[in-house]
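Here is the structure we will look at.
The values are calculated or read from the model by the stated rules, or taken from the named source; none is laboratory data. Small disclaimer: the values here were computed from a predicted structure and weren't measured. Note that each Cβ is placed from the backbone with ideal geometry, even for glycine, and that neighbours are counted across all protein chains shown.
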Amino acid sequence: MVDSGAGVDSGTTLGATATTPAVGEIVGPLPVGPIAHGGHCVARYQARVVFVRHALPGEEVLVRITDTSHARYWLGDAVEIRTPAPERIPSACPVAGPGGCGGCDFAHVDPAFQRELKRRVVAEQLQRLAGIEWSGEVAEVAPTDHWRTRMRYRVSGGELGQLAHHSHTVIPLPQVGCRIAAGPAPSAAELGVADLADLAPDIEVRQIEAASGRVVHTGAPAVDTVTETAAGIDFEVPTDGFWQIHPRSADTLVAAVLAGLDPRAGERGFDLYCGVGLFAGALAARGVTMWGVESDKDAVSCARRNVRAARFTSGRVDRVLSKLPHRTDLVVLDPPRSGAGKQVIQQVAARTPRAIAYVACDPAALARDLAYAAAAGYQPDSITAYDLFGWTHHVECVAILHPA
């Protein structure tokens, strides 16, 4: 998602004499402004905002225009750096960059400055969308390389690769393999063929590095579930289901949620967007009576086996909430990237919980929902951010809310 904040004037329009460049045209050199949500930096060309990938604040770059379909802004890639920022490093991956693999969009950024850029984005989104002045830091969580335990590859020309940014073009893996993959790329033998060229073109290859072992498959996996461990509990997870992809994500986020909620035995709690019951399990182990809601039926089936002391319901959170108890002490929200939304926030606040933990993978959705929470009488006491996705623009946050 491209967010048109971060210094963008919502009234910006093309001047009378401005012409729209063709997609693929190179413009500039352009001075690069602040980082924006989504990993882009803000530049301007002919009075129009251009969100530029692969650039850094303070640089002067030539930009290849990649998209002019938006009314208020264009998109582009920095293809030549005329004046590099001091935080720019040689790319950490030989296939990252313009036209390359779409994964590591911060491969050109010094690791410490990656966290600074993420901090700026979190702070800007919180201030602009929720009116919250945030002065926190983005905590480093090791490992910062080889952390991604769930990988998807494509086969092209007898080689494994990954898709270019917003494209179906397959970029072959470098000889050293993927910088962020937790395990080596699958071999032909693991995939049951003599040579990768024997696989159908464009077939998707999935790889999981789970606590219970490595699973590699195309099509239907040989096993239905894998086992992951967090907070001292084993969790059964559907092979194609959701689990945090950094090996320390689950423990890091559970620790933040437990510290913030300070659960007490005998309390009631909701785990909304509960997946396979990660937070429900951790809270149930502290003596909290838990209800979980998740739209993925396979995940709910696993959650019921993982946390037998809790009650789980399959369905959309906004629809199922009305069927849960009308009072609760604690709530955990761990929504998808789109966030929980106004209706869910209002229904949660109506239960008057003494504390809410909101786990967010998108700072813009978090900020928007914190504004809804404020209108419903809840304010964050703390907002922490974690760098669980090294070499990318992504950042995870945990907000702890209490009645205002």
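Among what's in region 146-177 and is of a type in the set (D, E, K, R) and surrounded by 15 or more Cβ atoms within 10 Å (Cβ to Cβ), pick the residue that is farthest from the chain's Cα centre (by Cα).
Within region 146-177, the subset of a type in the set (D, E, K, R) is 148, 150, 152, 154, 159.
Within this subset, residues satisfying the condition of being surrounded by 15 or more Cβ atoms within 10 Å (Cβ to Cβ) are 148, 150, 154, 159.
On the way: Arg148: 12, Arg150: 13, Arg154: 21, Glu159: 27 Å.
Filtering region 146-177 for residues that are of a type in the set (D, E, K, R) and surrounded by 15 or more Cβ atoms within 10 Å (Cβ to Cβ), the one farthest from the chain's Cα centre (by Cα) comes out as Glu159.
Go through the residues of region 68-79 one by one and say whether even a single one is at pLDDT 95 or above, in contact with a helix residue (DSSP H, G or I) (Cβ under 6 Å, 6 or more places away or on another chain) and either under 30 Å from Ala181 (Cα atoms) or among the basic types (Lys, Arg) (or both).
No: zero hits.
What residue, of Pro263, Pro247, Pro325, is part of a loop (DSSP other than H, G, I, E, B), in contact with a Lys or Arg (Cβ under 6 Å, 6 or more places away or on another chain) and either of a type in the set (A, V, I, L, M) or assigned by TED's automatic domain parsing to the domain that holds Gln347 (or both)?
Working: Pro247 fails: in contact with a Lys or Arg (Cβ under 6 Å, 6 or more places away or on another chain); Pro325 fails: in contact with a Lys or Arg (Cβ under 6 Å, 6 or more places away or on another chain).
Result of the check over Pro263, Pro247, Pro325: Pro263.
Would you pick out the residues in region 290-322 that are touching a helix residue (DSSP H, G or I) at 6+ places or on another chain (Cβ under 9 Å), free of Cβ contacts under 8 Å to residues at least 24 places away in the same chain and not in a loop (DSSP other than H, G, I, E, B)?
Passing the criteria: Met290, Gly292, Glu294, Arg311, Thr313, Ser314.
Please go through region 322-358 and pick out each residue that is surrounded by 23 or more Cβ atoms within 10 Å (Cβ to Cβ) and either more than 16 Å from Leu370 (Cβ to Cβ) or among the aromatic types (Phe, Trp, Tyr) (or both).
Passing the criteria: Leu330, Tyr358.
Among the residues of region 197-212, is there at least one that is in contact (Cβ under 8 Å) with a residue 60 or more places away in the chain and outside the structural domain of Asp67 (by TED's automatic domain parsing)?
Going through region 197-212, the residues in contact (Cβ under 8 Å) with a residue 60 or more places away in the chain turn out to be 209-210.
If we keep only those that are outside the structural domain of Asp67 (by TED's automatic domain parsing) as well, we get 209-210.
Checked region 197-212: at least one residue is in contact (Cβ under 8 Å) with a residue 60 or more places away in the chain and outside the structural domain of Asp67 (by TED's automatic domain parsing).
Taking only region 2-38 into account, find how many residues are at negative phi and modelled with pLDDT under 50.
Of the residues in region 2-38, 14 are at negative phi and modelled with pLDDT under 50.
Taking the options Leu75, Leu117, name whichever one is under 19 Å from the mean Cα position of the chain (by Cα) and closer than 21 Å to Ala364 by Cα. Walk me through it before giving the result.
Working: Leu75 fails: under 19 Å from the mean Cα position of the chain (by Cα).
Testing whether each residue is under 19 Å from the mean Cα position of the chain (by Cα) and closer than 21 Å to Ala364 by Cα leaves just Leu117.
Does region 110-126 include one or more residues that are at pLDDT 95 or above and outside any helix (DSSP H, G or I)? Steps first, answer last, please.
Pass one, region 110-126, residues at pLDDT 95 or above: 110-126.
Those still in the list that are outside any helix (DSSP H, G or I) too: 110.
Looking for residues that are at pLDDT 95 or above and outside any helix (DSSP H, G or I), one finds at least one in region 110-126, hence yes.
Looking at region 64-76 only, could you name the residues that are assigned to a strand (DSSP E or B) and of a type in the set (A, V, I, L, M)? Spell out how you get there, then give the answer.
Keep residues of region 64-76 that are assigned to a strand (DSSP E or B), which gives 64-67, 73-76.
Hits for region 64-76 are Ile65, Leu75.
Return the pairs, sorted by first residue and then second, in which the second residue is in a loop (DSSP other than H, G, I, E, B) and modelled with pLDDT of 95 or more, the first residue lies in region 64-87 and is surrounded by fewer than 14 Cβ atoms within 10 Å (Cβ to Cβ), the beta carbons are less than 6 Å apart, and the residues are 6+ apart or on different chains.
Thr83/Glu59
Let me spell it out: the conditions are (1) part of a loop (DSSP other than H, G, I, E, B); (2) surrounded by 24 or more Cβ atoms within 10 Å (Cβ to Cβ); (3) at negative phi, and Trp391 meets all of them except one. Which number is the exception?
Among (1) part of a loop (DSSP other than H, G, I, E, B); (2) surrounded by 24 or more Cβ atoms within 10 Å (Cβ to Cβ); (3) at negative phi, the lone unmet condition for Trp391 is (3).
Picking from Val61, Val155, Val79, Val95, which residue would you name as being farther than 23 Å from Val395 by Cβ and assigned to a loop (DSSP other than H, G, I, E, B)? Explain how you work it out, then say what you get.
Details: Val61 fails: assigned to a loop (DSSP other than H, G, I, E, B); Val155 fails: assigned to a loop (DSSP other than H, G, I, E, B); Val79 fails: assigned to a loop (DSSP other than H, G, I, E, B).
Selected residue: Val95, the only one of Val61, Val155, Val79, Val95 that is farther than 23 Å from Val395 by Cβ and assigned to a loop (DSSP other than H, G, I, E, B).
Looking at Thr218, Thr225, Thr229, which is the one that is hydroxyl-bearing (Ser, Thr, Tyr), more than 30 Å from Gly157 (Cα to Cα) and in contact (Cβ under 8 Å) with a residue 24 or more places away in the chain? Lay out the reasoning, then the answer.
Details: Thr218 fails: more than 30 Å from Gly157 (Cα to Cα); Thr229 fails: in contact (Cβ under 8 Å) with a residue 24 or more places away in the chain.
Exactly one residue qualifies, and that residue is Thr225.
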